[in-house]
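The values are calculated or read from the model by the stated rules, or taken from the named source; none is laboratory data. Note that the coordinates shown come from a computational prediction; the quantities given were computed from them, not determined experimentally. Here the Cβ positions follow ideal geometry from the backbone for every residue, glycine too, while neighbour counts run over all protein chains shown. Side chains included, ligands, DNA and RNA excluded: accessible areas come from the protein's heavy atoms. Shrake-Rupley method; radii C 1.70, N 1.55, O 1.52, S 1.80 Å.
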Amino acid sequence: MSFRNLLERIFVPTHSRSFIAIRIDNLAGRLFSVALLATCAEASLNAFNQLQYLNAIWFWPTYLWVALSAAGVAIQHWFFKGGRLLYLSHAFAVVFTVLTWQFQVQADIELPQGFMPWIWWQLGMGTLSAGLGLIGYISWPIIFGLPIYWVFLRLEAWGGSARLDRGIQDAVYTLLFSAVFVNLIQLLRSNAKAADEAAVLASEAIANQASAVAIERERIRIDTLVHDNVMATLIAANEADSDVKYLEVKAAARAAVETLQSFSTNYDFANEPVSTQSLFEALTQAVHNHFPQVEISQTISGTLSVDPEVAAAITEATLHAIENSVTHAGGSSVKRTLVLKASKSQVKVVVADDGRGFRPSQVPKNRIGIRLAIRGRMSSVGGEVKINATPANGCQVVLEWGQA
């Protein structure tokens, strides 16, 4: 494993690949940032009251590091996309301040009785920042180690000369506070990841079912054509009244028998092309069954058959696009449409809604729904995807596939 991959495993939480987990992270981040600003304000008041005992050379850099990191966490979660770097900055600022506290206090100065270092009001939030910014097993040394070190700090003269029981009490409070909330967030993230994976499996099951229906419809369509061919031959034989017509009927009957034998022995419907008519009928049935609120229209202006892999890709991408709309665009008041078009050389599918919309450029790269299930799936069979969306103006996903 390269050094870069090691850093990514440490600093990039794998749970953020889940869309629901990202929503949880953003919500938790906003709530955390409010609490962080409140505790930072309290820490600041205590810090300024303790200035007479502190070494300015050490105090101002560490205080500004802590305060600016806290402000940065709030700004990024309320005005930009949430990230992990400012969490880590705040956590390391608190750790650094605690570890260097001996130098923060002026030498040979007697601290007042009951003195509590101002960084105490950021101790618990600092360990929480570590838990939110790092993957679980990496954050626990900070969550456990910082409170333990705090006990020894408090016993020293430059830490306030507290009693052992008071230092232990402070450490236990910080440890429980951090451990409970970090475990809660990690549990929510884990459940969110499981929910996302279940949703993906459900979507794949629906798509597979629709693909199977398309193949079955194609089999029925071909069976019907063969039946009509045989019936036409029998009717012609019944109406034949001359040697020439008998010869024509004989040739038609021979062709019909050869067709029947071919289909009975060699035709593999699972690997044979699927007509756009069968594909659209199966898609329509799947959407009606699972997303009845979607309005569907279709136009077929020419005969075109596609490989089963292409049919499966179009089906999966379409159903994922509809599911994304149902999940993210808004509730029952949002109008959703599915337009299916086919010509002699092209298949075009348009999934549209008039919901809340979004900016495609701001979709996280780890959103598997758009990146893999839609773009990746269509790209794998030579298709293209166009996404037209803006905030408050809905979204339109256009899937196109054409013969080379």
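Summarising the amide proton neighbourhood of Gln298: residues at separation of 5 or more, or on other chains, whose placed amide H is nearer than 5 Å comprise Leu340.
The stretch between Leu99 and Ile57, if pulled fully straight at 0.36 nm per residue, gains 13.6 nm over its current Cα-Cα span. Full extension of the chain between Glu110 and Gln298 gives 59.3 nm of extra length, using 0.36 nm per residue less the Cα-Cα distance. Remark: region 34-93 carries 52 Å² of accessible area per residue (probe radius 1.4 Å; ligands, DNA and RNA excluded). What separates the Cα centres of region 132-158 and region 282-347 is a distance of 54 Å. Here's how it looks for Val105: its modeled amide H is under 5 Å from those of Asn55, which are all 5 or more places away or on a different chain. For region 26-168, carbon and sulfur atoms together expose 68% of the accessible surface, with a 1.4 angstrom probe and every protein chain in place. Derived scalar couplings between HN and Hα for region 27-42 equal 5, 4, x, 5, 5, 5, 5, 5, 5, 5, 5, 5, 5, 5, 5, 5 Hz in order, rounded to whole Hz, by the Karplus curve 6.51 cos²θ - 1.76 cosθ + 1.60 (θ = phi - 60°), x for Gly and Pro.
When the solvent-accessible area of region 317-357 is split by element, carbon and sulfur atoms take up 47 percent of it, the probe being 1.4 Å. Simple spin-label estimate for Val34 and Leu176 gives 2.5 nm between the two label positions (7 Å along the Cα-to-Cβ direction from each Cα).
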